[in-house]
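Worksheet: one structure, shown below.
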Amino acid sequence: MRTFKKMTLAMSLLGALSLSAAEVEVLHWWTSGGEAESVGKLKNLLEKSGHTWKDFSVAGGNGVNAMTVLKSRVVSGNPPTAAQIKGPSIQEWAELGVLSNLTALAKKDNWDKKLPKQFADHMKYKGKYVAVPVNVHKINWMWVNPSIFKKAGASIPTTWKEFEIAAKKIKKAGFIPVAAGGQPWQEATVFETIVLGIGGPDFYRKALVELDYKSLNSPTMIKAFDTLRMVKSYTDKNAPGRDWNLATAMVYKGEAAMQFMGDWAKGEFKIAGKKVGIDYIAIDAPQTSGSYLYNIDSFVMFKQKDTDKKQAQEKLAELIVSDNFQVLFNTRKGSVPVTLGVSREKFDDIALRSMDTLNSAAYTKQLLPSMAHQMAITDAIKGAVVDVITNFYNTKMSSADAAKALVSAVKSEM
Ligand code: BGC
């Protein structure tokens, strides 16, 4: 008996040794209610696998603050083990030679088959996987409080013309038509949605992905700026500086009728216990039906000397692309799975509509990377473009001057 006990003890020690538990420090910016609950699922899974999660969260929507903190950590020679980075920044970081190569794991796990090619390409540098995708968010949504529309006798708009008619009625009835967060990235989010609606998918691609000067400074772009100005006139005076999740709360608390925001907003409605169809509705932002502005969250792993840490990084990446995590996370976060073939069973109607649009948009050339969410252009150019939008939004700059300024901004960063 005693020998048997000794043996099991020795075996469990061996097991613990081969597990090589390591601490994984993860930089992310998921700090709102819905975001924190979602990332908590990843933490649980990692810890169940024997590793330790060291949370390195930096508050601030869109990751603007997180990226600043990350740069200073890397410059001081102390990068986190993993960091939430996306779009062309992935290739920029890879070029510095600081990212772990995840290709061996990707081969073993068949990522090339698991991921749509367009999305897999975002994760690669010179053909090698250097990032792991978490989800797909759709940007061009409009979140609606249906009872405000009812009280105001307004119809839910599908065009910007209809929007103006509805917004007037809502304002007259004593409600705030649009819940806005006056932060540059939020203004840019609304703007790119407007550009897609006013110009259509080809124009969006030419202007905000390919940065074609003629499209940037064009009558269509001027019209998009005019529309942004019009939308702003239906926001409240306390918008400057407001966080996106507080704007979402204005919709479900019955203060504001609409919010233009990506589907991470759904995470907030859900965690507040709100019922879809009763307390809130999600429809495509005006004139954008059929198009899908996508935003993929992803993690990169910083190179490690320690083999235990390397193993832990691989474990984290493996968990992220697992079906189990894709369901646990995305049903909370508001996004949809980035991997193919995940069961649709646990997803709500909004997510199912997102998945269907994603599929059809891919075939109709309406699947477009979000500029405001770092998917389309380098961070430096994006910063310059967002500065123009914010300048326009917060001053009396004319739409024609803003369109011209877009070209100069892009040229200055080329
Ligand atoms: C990220 C989302 C996040 C949102 C607000 C976006 O850029 O992709 O995951 O929820 O910012 O912070």
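Bear in mind these aren't lab numbers, they're just calculated from the coordinates by the rules spelled out. Because the structure is a prediction, the values reported are computed rather than measured. Positions of Cβ are generated from backbone atoms using ideal geometry, with glycine treated the same way; all protein chains shown enter the neighbour counts.
Of Asp284, Asp279, the sequence from fewest to most neighbouring Cβ atoms within 10 angstrom is Asp279, Asp284. In this structure the amide hydrogen of Val136, modeled in the peptide plane, comes within under 5 Å of the amide hydrogens of Val336, Val338, none closer than 5 places in sequence on its chain.
Sort 348-354, 196-202, 372-378, 305-311 for me by packing, meaning the mean count of neighbouring Cβ atoms within 10 Å per residue, highest on top.
Top of the packing list down: 372-378, 196-202, 348-354, 305-311.
Normalised by the number of residues in region 146-296, the mean separation of alpha-carbon contacts (under 8 Å, six or more apart) gives a relative contact order of 35 percent. Cβ-to-Cβ counts within 10 Å put His122, His137, His28 in ascending order as His122, His28, His137, the fewest first. Comparing Met221, Thr31, Ala372 along the charge dipole axis of the chain, the residue lying farthest to the positive side is Thr31, per the Cβ-charge model. Mean sequence separation of contacting Cα pairs (under 8 Å, at least six apart), scaled by the length of the chain, corresponds to a relative contact order of 26 percent. Annotation note: trypsin sites (Lys or Arg not before Pro) in region 268-300 located in DSSP loop regions with a Cβ neighbour count of at most 14 within 10 Å are Lys275.
Over 24 Å between C-alpha atoms is what I'm after, so list which of Lys54/Lys86; Lys382/Lys404; Lys223/Lys411; Lys113/Lys275; Lys138/Lys232 land there. Result: Lys113/Lys275 exceed 24 Å.
Among the trypsin sites (Lys or Arg not before Pro) in region 378-414, those placed in a DSSP loop whose Cβ has at most 10 other Cβ atoms within 10 Å are Lys396. Under a model in which nothing but the beta-carbon of Lys, Arg (+1) and Asp, Glu (-1) is charged, region 289-349 shows a dipole of about 260 debye around its Cα centre. Among Tyr213, Tyr363, Tyr129, Tyr234, sorting on how many other beta-carbon atoms sit within 10 Å of each Cβ, with the fewest leading, yields Tyr363, Tyr213, Tyr234, Tyr129.
Helix 184-204 axis versus longest C-alpha principal axis of the chain: approximately 70°, rounded to the nearest ten.
Entry note, region 228-372: relative contact order of 27 percent, from Cα contacts under 8 Å with a spacing of 6+ residues. For region 363-412, the share of alpha carbon pairs falling in successive 5 Å distance bins from zero is 4, 21, 24, 20, 16, 9, 4, 1, 0 percent.
Across the options Tyr125, Gly334, Gly200, the greatest Cα extent toward the positive end of the charge dipole of the chain (unit charges at beta carbon of Lys, Arg, Asp, Glu) belongs to Gly334.
Computed from Cα atoms, the angle from the helix 323-333 axis to the main principal axis of the chain rounds to 40 degrees. What you get for the chain, charging only the Cβ of Lys and Arg (+1) and of Asp and Glu (-1), is a dipole of about 500 debye around the Cα centre. Amide H contacts for Glu25 (H built 1.01 Å from N in the peptide plane; partners 5 or more residues away or on another chain; cut-off under 5 Å): Lys54, Thr81, Ala82.
What's the Kirkwood radius of region 332-386 in Å, using all Cα pairs?
Kirkwood radius, region 332-386: 13.2 Å.
Note: region 119-238, Cα convex hull, 141 Å³ per residue.
Counting only DSSP beta bridges whose two residues both lie in the chain, roughly 55 percent are antiparallel. Checking every one of the GluC sites (Glu not before Pro) in region 186-265 against DSSP loop status and a limit of 13 other Cβ atoms within 10 Å picks out Glu210.
Given region 147-196 reduced to its alpha-carbon atoms as identical point scatterers, what log10 I(q)/I(0) does the Debye formula return at q = 0.24, 0.31 Å⁻¹? Debye output, listed in q order: -0.92, -1.07. Which of Gly181, Met258, Ser354 sits closest to the plus end of the dipole of the chain, meaning its Cα is farthest towards the positive end, when Lys and Arg get +1 and Asp and Glu get -1 on the C-beta? Result: Ser354, furthest along the dipole toward the positive end.
At q = 0.18, 0.21, 0.22 Å⁻¹ the log10 of I(q)/I(0) for region 274-369 amounts to -0.93, -1.12, -1.19, computed by Debye summation with a single uniform scatterer per C-alpha, solvent ignored.
Give me the log10 of I(q) over I(0) for the chain at q = 0.11 Å⁻¹, as the Debye formula computes it from C-alpha points; what are the numbers? For the chain at q = 0.11 Å⁻¹, log10 I(q)/I(0) is -0.81. For region 238-253, backbone phi angles converted through the Karplus equation (6.51, -1.76, 1.60; θ = phi - 60°) give residue-by-residue couplings of 8, 4, x, x, 5, 5, 4, 6, 6, 5, 4, 4, 4, 6, 7, 7 Hz, Gly and Pro being listed as x.
Compared with the dominant Cα axis of the chain, that is its longest principal axis, helix 64-75 is turned about 40°.
Relative to the Cα centre, what is the charge dipole magnitude of region 259-321, using +1 at the beta carbon of each Lys and Arg, -1 at the beta carbon of each Asp and Glu, and rounding to the nearest 20 debye?
With Lys and Arg at +1 and Asp and Glu at -1, about 180 debye.
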